[in-house]
Amino acid sequence: MPKGSVELTNARREEIISACEKLYQTKSFKEITLKDIAGATSFTRTSIYNYFQTKEEIFLALMQKEYERWVEELNAVADDYTTMSAEAFSSTLAHSLEKRGMLLKLLSMNHFDMEENSRAECLVDFKQAYGASIEALHRCLTKFFPDMDAKARQDFLYAFLPFLYGIYPYTTVSGKQRKAMAEAGLDFVYMSVYDIAFNCIRALLK
């Protein structure tokens, strides 16, 4: 870790993560290099190694940041509402995912390789943010659906969380993919993030 204040270290880490986030909006994971990320920051590629050892660590930190943003919103829902119907909760949770396009895109990646190419301490930080999302969802379920027992809440989480990995590829389709599906004769129904998430959540709460 470079010498300097904690504030400087955190600021530089955030600058690297933000640069990665911006690049990932227009380029794929494979296309982005550490050189590209460094070029979008105010310091050199060599300096990046003071904060992250691999490209995967930067992406993992970006996903951690996305989970933290989502957790903040979920906890606000639990704090701001006394009661909520299944319909209203399904809509609220679906809208929260609608805002987290970057998280959904990251979730569609190969997590095994990303985590294997990250140091243990980076992985622990990420898992804490991921764990906080589970806790926030559990908190909402416990508060708004008091009739759900522990098994029902667990069933919901273990169905809903894996489902998140498939939202992005089902809702973000390129022109090339659309053409291929049309030529293959697939009667594919294109849905928004909100619609596909709402339908899943509402079905799980029945």
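The values are calculated or read from the model by the stated rules, or taken from the named source; none is laboratory data. Quick caveat, the model's predicted, so the values are computed rather than measured. With ideal geometry, Cβ positions are generated from the backbone for all residues, glycine too; neighbour counts draw on all protein chains shown.
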inquiry  = Return the residues of region 131-158 that are surrounded by 16 or more Cβ atoms within 10 Å (Cβ to Cβ) and among the hydroxyl-bearing types (Ser, Thr, Tyr); say none if nothing qualifies.
reply    = 133
ask   = Inside region 80-111, can you point out the residues that are part of a helix (DSSP H, G or I), more than 10 Å from the chain's Cα centre (by Cα) and in contact (Cβ under 8 Å) with a residue 40 or more places away in the chain?
value = 86, 87, 89, 90, 91, 93, 94, 95, 98
Residue 190 within 18 Å of residue 98 (Cα to Cα), in contact with a Ser or Thr (Cβ under 6 Å, 6 or more places away or on another chain) and not basic (Lys, Arg) = no
query = Any chance region 61-79 includes a residue that's in a helix (DSSP H, G or I), farther than 30 Å from residue 202 by Cα and modelled with pLDDT under 95?
reply = no
note = Expected output for region 176-196 (first residue free of Cβ contacts under 8 Å to residues at least 60 places away in the same chain, partner surrounded by 11 or more Cβ atoms within 10 Å (Cβ to Cβ) and not in a helix (DSSP H, G or I), Cβ below 8 Å, 6+ apart or cross-chain) is 181/173; 181/188; 190/173
message = Among the residues of region 17-31, are any of a type in the set (Val, Ile, Thr) and touching a Lys or Arg at 6+ places or on another chain (Cβ under 8 Å)?
response = yes
